[in-house]
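The values are calculated or read from the model by the stated rules, or taken from the named source; none is laboratory data. What you see is a predicted model, and the numbers here were worked out from it, not measured in a lab. Methodologically, a virtual Cβ is constructed for each residue, glycine included, from the backbone with ideal geometry; neighbour enumeration extends over all protein chains shown.
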């Protein structure tokens, strides 16, 4: 095998020494995060079959909700977005290059296939005001909150 | 399975050269062998061609990609399934690869490396002569 992942044989010095407890905790956190994504991520368990499901982050400010997804290898025509109520649906397909099926595969870590990803939004959004942008494998969707849900401050009266 | 999981975007441990703050991620790769070359595809979303450094030295092929931060600290996240950081991964390459002709391209967040096999390692069809 002319090409193998390279690892240094000895780890001489670690940049930051974690205490055994911290290391244990961060390891557990990582397991749980992976597990949560497998079980709850992406609608009705499509990841259980081992296909590609894009990881997502959702952030909000007073007027907007921004959803970002990592979709390496997808072109705009491979993606479809729809909004209804407080739900954003991401549908798409990560295609595997045809050559890789016929030829010998050494190592296959990347996932391929169709996916449907439902993202629950914190409130209703205006379906007319959605901007989506795809650049270098990162999809950014900017949604505008509907008036009544945009962060309202509730004053507390003093009697 | 557990190992495979860990491979996905696991912050690198041990041999990282920290060029800047933050974590480094191992990109996921597919490696495919063809008759003439070996193709390596790495998922490295969120970077730009000018920020990718592919280096070949002493038989070690190294991929390093600088990623612009896009999850600003202080942002209110409702959901965050991935982290943003640089990508770094190394591979040991045998002599059967013609290192001088390695080419790389980056499109849609995927880095594709073409590693041409050295002349000696290519399959050759040997004609069989009929002896009379």
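Brief remarks on what is shown
- Failed item, numbered, when residue A:47 is tested on (1) more than 8 Å from every other protein chain (Cβ to nearest Cβ); (2) over 19 Å from residue B:29 (Cα atoms); (3) under 14 Å from the mean Cα position of the chain (by Cα); (4) modelled with pLDDT under 75: (2)
- Residue that is nearest to residue B:53 (Cα to Cα) [pool: residues in region B:79-107 that are at pLDDT below 85 and not in a strand (DSSP E or B)]: B:99
- Residue within region B:27-34 that is surrounded by fewer than 17 Cβ atoms within 10 Å (Cβ to Cβ) and more than 9 Å from chain A (Cβ to nearest Cβ) present: no
- Flag if residue B:60 is more than 12 Å from residue B:109 (Cα to Cα) and either touching a helix residue (DSSP H, G or I) at 6+ places or on another chain (Cβ under 8 Å) or free of Cβ contacts under 8 Å to residues at least 40 places away in the same chain (or both): yes
- Residue that is surrounded by the most Cβ atoms within 10 Å (Cβ to Cβ) [pool: residues in region B:55-74 that are at the interface with another protein chain (Cβ under 9 Å from one of its Cβ atoms) and assigned to a strand (DSSP E or B)]: B:61
- In summary, strands (runs of 3 or more DSSP E) completely within region A:77-159 and bearing 1 or more residues that are at pLDDT 85 or above, surrounded by fewer than 16 Cβ atoms within 10 Å (Cβ to Cβ) and more than 19 Å from the chain's Cα centre (by Cα) occur at A:79-84, A:125-135.
- Residue satisfying condition, being more than 7 Å from every other protein chain (Cβ to nearest Cβ), at pLDDT below 80 and outside any loop (DSSP other than H, G, I, E, B), within set B:6, B:20: B:6
- Filter result for residue B:77 (out of contact with any helix residue (DSSP H, G or I) (no Cβ under 6 Å at 6 or more places or on another chain), at the interface with chain A (Cβ under 7 Å from one of its Cβ atoms) and surrounded by fewer than 16 Cβ atoms within 10 Å (Cβ to Cβ)): yes
- Every residue from region A:70-99 that is within 11 Å of another protein chain (Cβ to nearest Cβ) and under 17 Å from residue A:58 (Cα atoms): A:70, A:71
- The C-beta contact set for region B:94-105 (first residue within 13 Å of chain A (Cβ to nearest Cβ), second residue at pLDDT below 85 and exposed (fewer than 13 other Cβ atoms within 10 Å of the Cβ), distance under 8 angstrom, 6+ apart or interchain) comprises B:94/A:1; B:96/B:120; B:98/B:119.
- Residue that is modelled with the highest pLDDT [pool: residues in region B:108-120 that are farther than 30 Å from residue B:46 by Cβ and touching a strand residue (DSSP E or B) at 6+ places or on another chain (Cβ under 8 Å)]: B:117
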